[in-house]
């Protein structure tokens, strides 16, 4: 695919019980951008992300990756271009060993065994987890599982990374390590998160969803300085942008 652009046009999605999740969403993300998708719980973030790699195929509206719309016929090609890291690593890690989980994608694309081994080693090394290669995937810490789940996506060499709450369940050190890791990636990155401080570290652009609609799309700092917009979205300023009380001040 040429020009690894993500374009969403007038996308709608309704759950089986009739609850609307996505209502007329449109945006365009160009090659190399790092974009945050934020919003309160139930705003539609995860549902939107699942459309971007074909986990949900659009029925109303269109999602285009490069020059082509996502359709059932193009899913294999789309998933080689768009790598998705799910919110819960246990949804992504299901093989007996870390090696098997990271090798799963390249193996399904029919790559030779020597290239699969090289890709696994490279992906695990990139996330600082090469020493976990022969460990059981079920006996990892939350931070280790997150690193391996990212490695399993990197092993197929995607051009676009889509990450759903990538720092959930991480302790502060693991969170910082993840942020530094994501800074090194030159991919297009689309990150759904509640962590607005992480957005400041990684994403110059932010899209706010509320009740399945885009209510803001622009410069992250400008958006986070708009208190009326944040209140409307049930969000608060990133901690580093909030005033700190002077605990030492005498009354």
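Laboratory data are not the source of any read-out in this text; all were calculated from the coordinates shown. Not measured: the values here are computed from a predicted model. Note: ideal-geometry Cβ built from the backbone for every residue, glycine included; neighbour counts use all protein chains shown.
Modelled spin labels at residue 213 and residue 157, positioned 7 Å past Cα toward Cβ, are 4.4 nm from each other.
Taking every C-alpha pair closer than 8 Å and separated by at least 6 residues, the mean separation divided by the residue count of the chain gives a relative contact order of 25 percent. Stretching the chain fully between residue 201 and residue 225 yields a gain of 7.1 nm (0.36 nm per residue, less the alpha carbon separation). Ordering 46, 152 by the number of other Cβ atoms within 10 Å of each residue's own Cβ, fewest first, gives 46, 152.
With helices as the sole contributors, the chain gives -9500 deg cm²/dmol at 222 nm; each DSSP H run of n ≥ 4 counts as -39500 (n - 2.57), and the sum is divided by every residue. Residue exposure proxy: 16, 31, ordered by other Cβ atoms within 10 angstrom of their Cβ from fewest to most, comes out as 16, 31. This ranking places 175, 146, 97, 28 by how few other beta-carbon atoms lie within 10 Å of each, fewest first, which gives 28, 97, 175, 146.
One chain, two ends: residue 90 and residue 72. Fully extended at 0.36 nm per residue, the span grows by 4.0 nm beyond their Cα-Cα distance.
Restricting to bridges with both residues inside the chain, how much of the DSSP beta-bridge set is antiparallel, in percent to the nearest 5? Can you show the working numbers first?
Values: 21 of 38 bridges.
Of the beta bridges lying entirely in the chain, close to 55 percent run antiparallel.
Using a simple spin-label model with pseudo-atoms 7 Å out from Cα toward Cβ, residue 14 and residue 64 lie 2.7 nm apart. Note on the chain: Cα convex hull, mean projected area over all directions, 15.9 nm². Under 1.5 on a/c is rounded, so check that first for the stretch 96-230, then, if it is not, pick prolate when a/b is larger than b/c and oblate when it is not; a ≥ b ≥ c are the square roots of the alpha carbon gyration tensor eigenvalues. Prolate. The calculated FRET efficiency for residue 194 paired with residue 121, based on their beta-carbon distance and R0 = 35 Å, is about 0.55. Our estimate of slack between residue 243 and residue 80, defined as 0.36 nm per intervening residue step minus the Cα-Cα distance, is 54.3 nm.
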